[in-house]
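What follows is a short report on a single structure.
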Amino acid sequence: MNLQSVKALYHAEMARSLRTILQSVVSPVVSTSLYFVVFGSAIGSRINEVDGVSYAAFIVPGLIMLMLLTQSVSNASFGIFFPRFSGSIYEVLSAPISYVEVVLGYVGAAATKSTLLGLIVLGTASLFVPMHIEHPFIMLLFMVLTALTFSMLGFVIGIWADGFEKLQLVPLLIITPLTFLGGTFYSISMLPPFWQAVTLFNPVVYLVSGFRWSFYGNADVSIWASLSVVFLFLCISLALVAMIFRTGYRLKP
Amino acid sequence: MSKARVILSVEQLSKQYSGGFQALDDINLDIRRGEIFALLGPNGAGKTTLIGVICGLVNASSGRVLVDGHDNISEFRQARQRIGLVPQELTSEAFSKVWDTVSFSRGLFGKPPNPEHIERVLRSLSLWEKRNNRLITLSGGMKRRVLIAKALSHEPDILFLDEPSAGVDVELRRDMWAVVRGLRDRGVTIILTTHYIEEAEEMADRIGVIRGGKLMLVEDKHTLMSKLGTKVLTLRLMAPLTTLPESLNDFDLSLSEDGFTLDYGYRSTVSQPSDTPNNIAALLAALAEADIEISDMDTRQSSLEDIFISLVKEQP
Ligand SMILES: Nc1ncnc2c1ncn2[C@@H]1O[C@H](COP(=O)(O)OP(=O)(O)OP(=O)(O)O)[C@@H](O)[C@H]1O
Ligand SMILES: [Mg+2]
């Protein structure tokens, strides 16, 4: 393992994020605050408790997940797309660094950044809703695993995309709908039975549900199902990344 | 050539792009340790592709590359850490600073930080004053220097310069060649591509000509020039000629507008086919026979550029 190289890549990526720290932090914090104002206070005050917690508290884990997913995908996809687009990727490709190390550097940095943002949003949320986290370690584990998995997915998207449109298409067309339909704003037990069954095919349901379990100790699906789905996703992303690098897909003519 | 003298060995290398275009066709090339090798060829000849395959940017279709004895795929770490690459296209992370991006390159190549080395490199390329500038604020020539600094940051044994002079003014170019010579003196092997033939002529020890993906020739610069160099004999005439007499048709002659000068192109080598009367003595005899008197004469050796053009124009 060439740690020096991984460190260099990781630091460069983190430095890039720090240069844009304002928009990286401000926009998720502002948008989550808006969600709380609208859904938590305005609408939430008219909604009864869901699964034994106030509606405002109920949506916290889902909102953090929403932010974590979109930020992971967009950070990681931009992180690799941009050097491809500008051509400066040549340096990484010609360096004595293995694919695993390249991924560690890029994905590690993107995941770090989105995990930090997740914690910041959690902090913001606690200003609006009194909160108690039942299983903080599981919560952190979920955050890190989700950030890693979706950063990896973002990395794949950043390699696959051949223009800015495609880069934004996947988050917009897939990630956002899946998260909105993933039980962020409702418990799937509120849905009619047919839609409950359909929803179980949405992987984000398992993430949100498991994450919520780590907060309040109850969930739509079992915590083990949630953890399994996260691991399954991690494996799929890993396999995709490995395949990309073995063939040089979109990286080497 | 003995193995110890070869630092880079390209064996039966071919590259077919996915569209089916054959960019490299069975390239065999040995680069000697410590030499400056110039790769010449017209646009689209395959120079950048060849460098790309060697450096790991392009997948070869067949053949292999050994860098100091290490296969550039199965032993990519050992192979790549020896190589520094300055690409043809200007690319950069626009918002990072000169110092940071050059230090990053060193780290990326697995070397521990060494600020003294980075400072030396930046100073040698007159970038020291610009070290805190963001790349986006630099001129094109300065950006190219940054790319060179990045390639030198990890102290490579082999440096590839893909068209280093493109977009660089005369002064910058002179500085750059001073740096290249300094590197060569320290034992760094340099492989460059250029469209400026004077540069190859001035800088290189050996020259390779590539065209249509085929390596047409690899030759010591001096051998190349004497082997292929044609000479031109210019004759100043006492009286102007309007047309050339028939008896001179066998010679490669051209008459100037005013009729006072005759240019005669000939090869200075001994390998002339004996049945053609292409030699100076025969020409002078033929001129005397035609009663053409000469007042002065002068010979000129063709430059590498002339050689290059004649090679590139030849049909395969
Ligand atoms: N990614 C690619 N896909 C398909 N064809 C390519 C690709 N890259 C280069 N080529 C083709 O391969 C040929 C060789 O290109 P290359 O860039 O190696 O030429 P070059 O000798 O460096 O030219 P120049 O002097 O213009 O830089 C060209 O005809 C080019 O169009
Ligand atoms: Mg080129």
**Prompt:** From the list B:Phe76, B:Phe37, B:Phe104, which residue is away from ligand 1 (no atom under 16 Å from the Cβ), under 30 Å from B:Ser139 (Cβ atoms) and of a type in the set (Phe, Trp, Tyr)?
**Reply:** B:Phe104
**Prompt:** Among A:Phe82, A:Phe78, A:Phe36, which is aromatic (Phe, Trp, Tyr), under 22 Å from A:Thr124 (Cβ atoms) and assigned to a helix (DSSP H, G or I)?
**Reply:** A:Phe36
**Request:** Look at region A:104-133 and say how many of its residues are at pLDDT 90 or above, in contact with a Phe, Trp or Tyr (Cβ under 7 Å, 6 or more places away or on another chain) and more than 10 Å from chain B (Cβ to nearest Cβ).
**Result:** 4
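Checking the structure you have, find out if any residue of region B:110-128 is among the acidic types (Asp, Glu) and out of contact with any helix residue (DSSP H, G or I) (no Cβ under 9 Å at 6 or more places or on another chain).
Yes, the conditions are met somewhere in region B:110-128.
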**Request:** Examine region B:24-38 for a residue that is under 26 Å from B:Lys221 (Cβ atoms), within 13 Å of ligand 2 (Cβ to nearest atom) and touching a residue at least 40 places away in the same chain (Cβ under 8 Å), and state whether such a residue exists.
**Result:** yes
**Members of region B:80-112 that are small (Gly, Ala, Ser) and either in contact with a strand residue (DSSP E or B) (Cβ under 6 Å, 6 or more places away or on another chain) or at the interface with another protein chain (Cβ under 8 Å from one of its Cβ atoms) (or both)** = B:Gly84, B:Ser92, B:Ala94, B:Ser96, B:Ser105, B:Gly107, B:Gly110
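Among the listed residues B:Leu287, B:Leu262, identify the single one that is at pLDDT 85 or above, in a helix (DSSP H, G or I) and not aromatic (Phe, Trp, Tyr). Before you say what the answer is, go through the steps one by one.
On the way: B:Leu262 fails: in a helix (DSSP H, G or I).
None of the others qualify; the one that does is B:Leu287.
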**Message:** Can you tell me how many residues within region B:48-95 are more than 19 Å from B:Pro156 (Cβ to Cβ), within 12 Å of ligand 2 (Cβ to nearest atom) and not in a loop (DSSP other than H, G, I, E, B)?
**Reply:** 1
**Message:** Could you list, ordered by first residue, the pairs with Cβ atoms under 9 Å in which the first is in region A:12-29 and on the phi > 0 side of the Ramachandran plot and the second is loosely packed, with under 13 Cβ neighbours inside 10 Å and among the β-branched types (Val, Ile, Thr), at least 6 apart or interchain?
**Reply:** none
**Prompt:** Is one or more of the residues making up region A:242-249 away from chain B (no Cβ under 14 Å) and either away from ligand 1 (no atom under 16 Å from the Cβ) or part of a helix (DSSP H, G or I) (or both)?
**Reply:** yes
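I'd like to verify a number: residues in region B:203-220 that are basic (Lys, Arg) and within 13 Å of ligand 1 (Cβ to nearest atom), how many? Explain how you work it out, then say what you get.
First, the residues of region B:203-220 that are basic (Lys, Arg): B:206, B:211, B:214.
Narrowing further to those that are within 13 Å of ligand 1 (Cβ to nearest atom): B:211, B:214.
Qualifying residue count, region B:203-220: 2.
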**Message:** Which residue is farthest from the other protein chains (Cβ to nearest Cβ), if the candidates are limited to region A:3-32 and must be of a type in the set (Gly, Ala, Ser) and buried (at least 17 other Cβ atoms within 10 Å of the Cβ)?
**Reply:** A:Ser24
**Prompt:** Mind checking which pairs have a first residue in region B:160-186 that is on the phi < 0 side of the Ramachandran plot and a second that is away from ligand 2 (no atom under 16 Å from the Cβ) and of a type in the set (Lys, Arg), Cβ under 7 Å, 6 or more apart or different chains?
**Reply:** B:Ser165/B:Arg173
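Go through the residues of region B:120-129 one by one and say whether even a single one is within 10 Å of chain A (Cβ to nearest Cβ) and either assigned to a helix (DSSP H, G or I) or closer than 30 Å to B:Glu171 by Cβ (or both).
The first filter runs over region B:120-129 and keeps only residues within 10 Å of chain A (Cβ to nearest Cβ), leaving none.
The answer is no, given that none of the residues of region B:120-129 is within 10 Å of chain A (Cβ to nearest Cβ) and either assigned to a helix (DSSP H, G or I) or closer than 30 Å to B:Glu171 by Cβ (or both).
Check region B:178-192 and report whether any residue there is assigned to a loop (DSSP other than H, G, I, E, B), surrounded by fewer than 17 Cβ atoms within 10 Å (Cβ to Cβ) and away from ligand 2 (no atom under 16 Å from the Cβ). First the steps, then the outcome.
We begin by selecting, within region B:178-192, every residue assigned to a loop (DSSP other than H, G, I, E, B); these are B:186-188.
Add one more test, that the residue is surrounded by fewer than 17 Cβ atoms within 10 Å (Cβ to Cβ), and what stays is B:186-187.
Those still in the list that are away from ligand 2 (no atom under 16 Å from the Cβ) too: B:186-187.
Yes, some residue in region B:178-192 is assigned to a loop (DSSP other than H, G, I, E, B), surrounded by fewer than 17 Cβ atoms within 10 Å (Cβ to Cβ) and away from ligand 2 (no atom under 16 Å from the Cβ).
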**For A:Asp162: the one exception among (1) under 29 Å from A:Leu104 (Cβ atoms); (2) charged (D, E, K, R); (3) part of a helix (DSSP H, G or I)** = (3)
**Asked** Which of the residues spanning region B:193-214 are closer than 30 Å to B:Lys111 by Cβ, in a strand (DSSP E or B) and more than 16 Å from ligand 2 (Cβ to nearest atom)?
**Response** B:Arg206
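So that you can scan it fast, the table gives a plain yes or no per residue for (1) within 16 Å of ligand 2 (Cβ to nearest atom); (2) more than 14 Å from chain A (Cβ to nearest Cβ):
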position	(1), (2)
B:Pro115	no, yes
B:Asn132	no, yes
B:Leu135	no, no
B:Gly140	no, yes
B:Asp157	no, no
B:Ala166	yes, yes
B:Leu172	no, yes
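Run down B:Gly69, B:Gly63 and say which single residue is within 28 Å of B:Tyr17 (Cβ to Cβ) and of a type in the set (Gly, Ala, Ser).
Values: B:Gly69 fails: within 28 Å of B:Tyr17 (Cβ to Cβ).
The conditions single out B:Gly63.
Going by what's in this entry, would A:Ser45 be described as within 14 Å of chain B (Cβ to nearest Cβ) and in contact with a Phe, Trp or Tyr (Cβ under 9 Å, 6 or more places away or on another chain)? Give the steps one after another, and end with the answer.
Numbers: within 14 Å of chain B (Cβ to nearest Cβ): no; in contact with a Phe, Trp or Tyr (Cβ under 9 Å, 6 or more places away or on another chain): yes.
Considered against the rule, which asks whether it is within 14 Å of chain B (Cβ to nearest Cβ) and in contact with a Phe, Trp or Tyr (Cβ under 9 Å, 6 or more places away or on another chain), A:Ser45 comes out as no.
Is it true that B:Asp25 is within 15 Å of ligand 1 (Cβ to nearest atom), of a type outside the set (A, V, I, L, M, F, W, C) and part of a strand (DSSP E or B)?
On the way: within 15 Å of ligand 1 (Cβ to nearest atom): yes; of a type outside the set (A, V, I, L, M, F, W, C): yes; part of a strand (DSSP E or B): yes.
So B:Asp25 fits the description; yes.
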**Asked** Quick check: anything in region B:43-53 at the interface with chain A (Cβ under 10 Å from one of its Cβ atoms), touching a helix residue (DSSP H, G or I) at 6+ places or on another chain (Cβ under 9 Å) and not hydroxyl-bearing (Ser, Thr, Tyr)?
**Response** yes
**Prompt:** What single numbered condition from (1) under 22 Å from B:Gln78 (Cβ atoms); (2) out of contact with any His (no Cβ under 7 Å at 6 or more places or on another chain); (3) of a type in the set (Lys, Arg) fails to hold for B:Arg145?
**Reply:** (1)
**Fill in**
How many residues of region B:4-21 are more than 12 Å from B:Leu215 (Cα to Cα), touching a Ser or Thr at 6+ places or on another chain (Cβ under 9 Å) and either more than 16 Å from ligand 2 (Cβ to nearest atom) or free of Cβ contacts under 8 Å to residues at least 60 places away in the same chain (or both)? The answer is 4
**Asked** List, please: which pairs have Cβ atoms under 6 Å, are six or more places apart or on different chains, and start with a residue in region B:128-144 that is among the polar types (S, T, N, Q) and end with one that is assigned to a strand (DSSP E or B)?
**Response** B:Asn132/B:Lys97
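The values are calculated or read from the model by the stated rules, or taken from the named source; none is laboratory data. Please read all numbers here as calculations on a predicted model, not as lab measurements. Cβ coordinates were reconstructed from backbone atoms using ideal geometry, including for glycine residues, and neighbour counts include every protein chain displayed.
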